[in-house]
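A.B. asks: Sharing a structure, written as structure tokens. Questions coming.
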Amino acid sequence: MRLLEHFPNLVTMFFARAAEKGDAPMLWRKEAGAWVSTSWREAARQVAALAGALKEKGLQPGDRVLLVSENRPEWCIADYAIMAAGCVTVPAYTSNTTRDHAHVLENSGAKAVVVSTAKLAATLIPAVLRSGHVTLVVGMEAMKIGQQGTFEFCNWDALAAAPSDIGACADAAKAFGRDDLACIIYTSGTGGAPRGVMQHHGAILHNVAGASHVVSEDFGWGDEVFLSFLPLSHAYEHTGGQHLPVGLGGQIYYAEGLDKLAANIEEVRPTLMVVVPRLFEVLRTRIAKAIEKQGALPAWLLQRAEEMPDRPKLWQRPMDMLLSATIRKKVRGRFGGRMKALVSGGAPLNPEVGRFFASLGLMLLQGYGQTEAAPVISCNRPKAGIKLDTVGPPLPDTEIRIAEDGEIQVKGELVMKGYWQNPEETARVLSPDGWLATGDIGHIDDRGRLVITDRKKDIIVNDKGDNVAPQRVEGMLTLQPEILQAMVSGDRRPYLVGLVVPDPEWQAEWAKMAPDAGPDALHRALQAAVDRVNADLSTTEKVRRVLVADEAFTIENTELTPSMKIRRHVIRARYGARLDALYKASAY
């Protein structure tokens, strides 16, 4: 088993791996239909050049630098360059509006901005001009900046091409300590205005070391290949999709987009991927439909695979071998053929979805964490015994305890220093002795694995005082082929009601079968799907009435966070009156 060295900071870890790997490929992008690499040596050279340029432009240690870019090699290089200059990276979502950027710029007090494209600059620059404290804007691509005002605009290529001294930059970085601030990551705002989480070098290094330990002990640390597609501005991808691969000395391929993700997986053949549950829910539906369309035999094999236990009995082994040679081999090929594990995080994974992929021979590990913990707290591990309704044991050197009200609390180097310029919220979630109140409810099972039951603040308390976990009910609803997305409501009410988004593929097929059917018929078909779920729910969990949403929940209409979690307060603001009206109808 190989263990990660104890580094003083993230920059030193990067330069150490670059010195080891030399001209080996590190970062990959698609250009003109072909994958093109940037070597470790070239990445280190650019990091040193950009770090030097930032210092020459007047940035001081501790200054914040906003980074606005889609996932690409320059994101990684910019992040390490900012830290190598002694500054603090402030990642921002590419979906941010000018108002969002203005909030982050004002709250963080950023002195500089790095932006990738003219399209992203169009919403960013107006906020920069209003901020008054940004002195430098660096553009990764050519772009026309009109009135620069108080800031200087510089081209990325010119700064990255400047002479650099990798050794001197690496030596200077050794002065940074694990307690020093590495980045301020703004939460995606599921419950209101984003807050800046202060992650120090040691917090992220704790995560990288813990995850490396899991990889090494459970799968074997080899030549790892990652495919990055979740937003790097999100803590989960930032740590798991960038700093972990660097710590492992792995290669990072940047996906072309969600629409080309399946093709990219087959081309890249990754060994590890960090993903969100929503992707698995979509893939499960697509895979099942594709197999069913292939005829009776593949559909029969899929059913046998789903029924096969984790440890087949002697008489089941011939069928298990047949499944491995046929349907499992084919599905694994769709995922590149050498996938060690897909690690799901960011939201709860429905165990039924996990079992589906496990039955097809894919190692699916559910992890748990939050931005305030750098972000990984625990993860399922084969050696600990995978149980899909748990999120596994905590990472090494991580303490977990359950408060009297069931809230999960965490302690260790992974815990943030607090919220940037927000002492009141910091005091609310961080105890004086360093325990982080996660806001999640759960318990620890008899094998030390953490079980999450729900978000503390999302728990619905009906008019009889019964508690209902909405995410469990919503997860079951979205497993129905008719339903793409769902949100349930019912706080201080006699029963639950729901808002559902029809699955577009199902709706298109349904419309062909019933071309003259109107909205009422669509509502009845969706309610029938809800009633199927109700058959497996307790009385307090049953969804008595549903409303059909006007459109899907998306990042663009602000009803989804960039990590694909529903923003309940935004959806309630839009549909609250109509959901309340469902209670005025006749009894169920």
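A.B. asks: Test of understanding: ordering 186, 495, 419 by Cβ neighbours within 10 Å, fewest first, what list do you get?
C.D. replies: Working: 186 26, 495 20, 419 23.
So the ranking, lowest neighbour count to highest, is 495, 419, 186.
A.B. asks: Further question: What's the extension gain from residue 491 to residue 461 if we count 0.36 nm per residue and subtract their Cα-Cα distance?
C.D. replies: 10.3 nm
A.B. asks: Can I ask one more? In angstroms, what radius of gyration and Dmax does the stretch 460-584 have, counting Cα atoms only?
C.D. replies: 14.3, 45
A.B. asks: Further question: Rank by packing, highest mean first: peptides 84-94, 283-293, with packing defined as the count of other Cβ atoms within 10 Å averaged across residues. Mind dumping the intermediate values first?
C.D. replies: On the way: 84-94: 24.5, 283-293: 15.6.
Result, highest mean first: 84-94, 283-293.
A.B. asks: Next up: Sticking with the crude label model, points 7 Å out along Cα→Cβ, report the distance from residue 383 to residue 569 in nm, one decimal please.
C.D. replies: Each label point lies 7 Å from its Cα, and together they span 4.2 nm.
A.B. asks: Follow-up. Where does helix 201-218 land angle-wise versus the long Cα axis of the chain, in degrees 0 to 90, nearest 10?
C.D. replies: Here the helix axis deviates by roughly 60 degrees.
A.B. asks: Using r as the Cβ-Cβ distance of residue 355 and residue 550, and R0 as 30 Å, what FRET efficiency do you calculate, to the nearest 0.05? Please report the intermediate quantities before stating the final value.
C.D. replies: Details: r = 34 Å, r/R0 = 1.12.
Plugging the Cβ-Cβ distance into 1/(1 + (r/R0)^6) gives 0.35.
A.B. asks: Which length gain, in nm to one decimal place, applies between residue 446 and residue 427 when the Cα-Cα distance is subtracted from 0.36 nm times their residue separation? Mind dumping the intermediate values first?
C.D. replies: Values: separation 19, 0.36 × 19 = 6.84 nm, distance 3.22 nm.
3.6 nm is the gain from fully extending residue 446 to residue 427.
A.B. asks: Based on the Cβ-Cβ distance from residue 319 to residue 2, what FRET efficiency comes out when R0 is 45 Å, to the nearest 0.05?
C.D. replies: Step by step, r from the Cβ atoms, then E = 0.75.
A.B. asks: Give, as a single signed number, the net charge of other residues whose beta carbon lies under 13 Å from the beta carbon of residue 574, with Lys and Arg counted +1 and Asp and Glu -1.
C.D. replies: Details: positive: 567, 568, 572, 578; negative: 550, 551, 559, 580.
Here the charged neighbours net out to 0.
A.B. asks: From the C-alpha gyration tensor of the chain, pull out the three semi-axes of the equivalent ellipsoid (sqrt of 5λ each), sorted largest to smallest, in whole Å.
C.D. replies: 40, 29, 25
A.B. asks: Does anything in the stretch 487-507 have its amide N under 16 Å from the 7 Å Cα→Cβ label point of residue 293, and if so which residues?
C.D. replies: Hits in the stretch 487-507 for residue 293 at 16 Å: 504-507.
A.B. asks: Now for a different question. Which ordering of 13, 339 is given by a fewest-first count of other beta-carbon atoms within 10 Å?
C.D. replies: 339, 13
A.B. asks: Which net charge results when you count Lys and Arg as +1 and Asp and Glu as -1 among the other residues whose beta-carbon is under 12 Å from that of residue 381?
C.D. replies: That sum, taken over residues with Cβ under 12 Å, equals +2.
A.B. asks: As I understand it, the value is the acute angle between the Cα axis of helix 277-293 and the longest principal axis of the Cα atoms of the chain; what does it come to in degrees, rounded to 10?
C.D. replies: Here the helix axis deviates by roughly 50 degrees.
A.B. asks: If I model a spin label at residue 578 and residue 472 as a point 7 Å from the Cα along the Cα→Cβ vector, what separation in nanometres do I get?
C.D. replies: 2.9 nm
A.B. asks: Angle, helix 118-131 long axis vs. longest principal axis of the chain, Cα atoms, 0 to 90°, nearest 10?
C.D. replies: 70 degrees
A.B. asks: Further question on the same structure: Treating the beta-carbon of each Lys and Arg as +1 and of each Asp and Glu as -1, no other charges, what is the dipole magnitude of the chain about its Cα centre, to the nearest 20 debye?
C.D. replies: Dipole about the Cα centre, nearest 20: 900 debye.
A.B. asks: Place a +1 charge on the Cβ of each Lys and Arg in the stretch 462-588 and a -1 charge on the Cβ of each Asp and Glu, then give the dipole magnitude about the Cα centre in debye, rounded to the nearest 20.
C.D. replies: With Lys and Arg at +1 and Asp and Glu at -1, about 540 debye.
A.B. asks: A further question on this structure: Place a +1 charge on the Cβ of each Lys and Arg in the stretch 296-441 and a -1 charge on the Cβ of each Asp and Glu, then give the dipole magnitude about the Cα centre in debye, rounded to the nearest 20.
C.D. replies: Once rounded to the nearest 20, the dipole reads 1420 debye.
A.B. asks: Return a whole-number percent for the relative contact order of the chain, with Cα pairs under 8 Å and 6 or more residues apart as the contact set.
C.D. replies: About 11 percent, as a whole number.
A.B. asks: Here is a further query. Using Cα pairs under 8 angstrom and six or more residues apart, how large is the relative contact order of the stretch 441-588, in percent? Before the final figure, lay out each step's value.
C.D. replies: Working: 198 pairs, mean separation 27.1, N = 148.
Relative contact order of the stretch 441-588: 18 percent.
A.B. asks: Now, a different point. Once the dipole of the stretch 349-484 is set up with Lys and Arg at +1 and Asp and Glu at -1 on Cβ about the Cα centre, which of 384, 478, 409 lies farthest towards its positive end?
C.D. replies: 384
A.B. asks: How would you rank 478, 539, 558, 12, going from fewest to most other Cβ atoms within 10 Å of each one's own Cβ?
C.D. replies: Working: 478 23, 539 8, 558 17, 12 20.
Lowest to highest Cβ neighbour count: 539, 558, 12, 478.
A.B. asks: Placing +1 on the Cβ of each Lys and Arg and -1 on the Cβ of each Asp and Glu in the stretch 177-295, which of 212, 287, 270 has its Cα farthest towards the positive end of the resulting dipole?
C.D. replies: It is 287, whose Cα lies furthest towards the positive end.
A.B. asks: Between residue 300 and residue 531, what is 0.36 nm times their sequence separation minus the Cα-Cα distance? Round to one decimal in nm. Kindly include the intermediate steps, with their values, before the conclusion.
C.D. replies: Working: separation 231, 0.36 × 231 = 83.16 nm, distance 2.66 nm.
My answer for the length gained is 80.5 nm.
Bear in mind these aren't lab numbers, they're just calculated from the coordinates by the rules spelled out. Computed from a prediction, not measured in an experiment: that's the story for all the values here. Don't worry about glycine lacking a Cβ; one is built from the backbone with ideal geometry, like all the others, and counts go over all protein chains shown.
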